[in-house]
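> Provided herewith is a single structure, encoded as structure tokens, for subsequent inquiry.
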Amino acid sequence: MDQSKLRQRIGTRADLIIGDAKENLAALNFDGRPLGAVMFDLDYYTSTRDALPVLTGNHTLPRMWCYLDDIDGYPENCYVDAIGVRAAVSDFNRQSSDNQVSRVYCFQGLAPEEWHARIYACHRLAHPDYNRCPERGKHQLPLE
């Protein structure tokens, strides 16, 4: 991978963090910017386990999109829930009932794309804004 080309392509729209998840995420400064989406390409249980806590800080939105690579793949990889990235997500969910990462089901009925199975969401159930409807006005009926 050509990191300089990738950084140039991303520009200021996102932060590209490459390296040890535990070290890099501990040093990450959000500068008041909320975290609304994370693309995890970590391959292993330990790196995923070490990275998932980034979803629990004060810098997060109540709901965040997550892309999780390496949760499915070739038959020879024989992915199951008890190993790798899937196991790290399960362990994360067991640690706190207030922070839950799960597959999203908004793609059902659409033409299937390979990446649909890798889209998850983190719900911060105890977030102060969690009970605000994310679709403003859509579910509000006029009183008159």
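No lab work stands behind these numbers, since they all come straight from the coordinates. All values reported here derive from a predicted model rather than from experimental measurement. Glycine gets a Cβ as well: all are built from the backbone with ideal geometry, and neighbour counts include every protein chain shown.
> Summing +1 for each Lys or Arg and -1 for each Asp or Glu, what net charge is found among the other residues whose Cβ lies under 10 Å from the Cβ of P62? Kindly include the intermediate steps, with their values, before the conclusion.
Details: positive: R63, R124, R132; negative: D129.
Value of the local net charge: +2.
> Just to confirm the filter: which trypsin sites (Lys or Arg not before Pro) across the range 1-74 are DSSP coil and have at most 12 other Cβ within 10 angstrom of their Cβ?
Numbers: sites: K5, R7, R9, R13, K22, R49, R63; in loops: R13.
Those that pass, being in a loop and sparsely packed, are R13.
> How much length is gained if the chain between L28 and Y67 is pulled fully straight, taking 0.36 nm per residue apart and subtracting their Cα-Cα distance, in nm to one decimal?
Numbers: separation 39, 0.36 × 39 = 14.04 nm, distance 1.92 nm.
Length gained between L28 and Y67: 12.1 nm.
> I would also like to ask the following. Run the numbers for H116 and Y74: contour at 0.36 nm per residue of separation, minus the present Cα-Cα distance, in nm.
The H116-Y74 span can extend by a further 13.5 nm.
> Quick one: if you take sqrt(5λ) for each eigenvalue of the C-alpha gyration tensor of the chain, what semi-axes come out, biggest first, whole angstrom? Each step should come with its number before you reach the end.
Values: eigenvalues 142, 86, 63 Å².
Ellipsoid half-lengths, sorted descending, are 27, 21, 18 Å.
> How much net charge surrounds C78 when only other residues with a Cβ under 14 Å from its Cβ are counted (Lys, Arg +1; Asp, Glu -1)?
Numbers: positive: R86; negative: D70, D72, E76, D81.
Surrounding charge for C78 is -3.
> Taking the number of other C-beta atoms within 10 Å as the exposure measure, put M39, M1 in order starting with the fewest. Show your work: numbers first, answer last.
Working: M39 12, M1 6.
Arranged by neighbour count, lowest to highest, M39, M1 become M1, M39.
> So what is the relative contact order of the chain, in percent, for Cα pairs below 8 Å that sit 6 or more residues apart?
Details: 163 pairs, mean separation 32.2, N = 144.
Relative contact order, the chain: 22 percent.
> For the Cα atoms of the chain, what angle does the longest principal axis make with the long axis of helix 84-95, in degrees from 0 to 90, nearest 10?
On a 0 to 90 degree scale, this one is about 40.
> Order of S47, S102 from fewest to most other C-beta atoms within 10 Å?
Final ranking by Cβ density, sparse to dense: S102, S47.
> So what is the relative contact order for the range 1-79, in percent, with contacts set as C-alpha pairs under 8 Å and at least six apart?
30
> Arrange the following residues from fewest to most other Cβ atoms within 10 Å of their Cβ: F107, F92.
Details: F107 14, F92 20.
In order of increasing Cβ crowding within 10 Å: F107, F92.
> If you put +1 on each Lys and Arg Cβ and -1 on each Asp and Glu Cβ, how big is the dipole of the range 33-124 around its Cα centre, in Debye rounded to 20? Let's see the in-between values first.
Numbers: 8 positive and 12 negative charges, 108 e Å.
Dipole of the range 33-124, to the nearest 20 debye: 520 debye.
> While we're on this one: Go through A51, I71, V85 and say which Cα lies farthest out towards the positive end of the charge dipole of the chain; charges sit on Cβ, +1 for Lys and Arg, -1 for Asp and Glu.
A51
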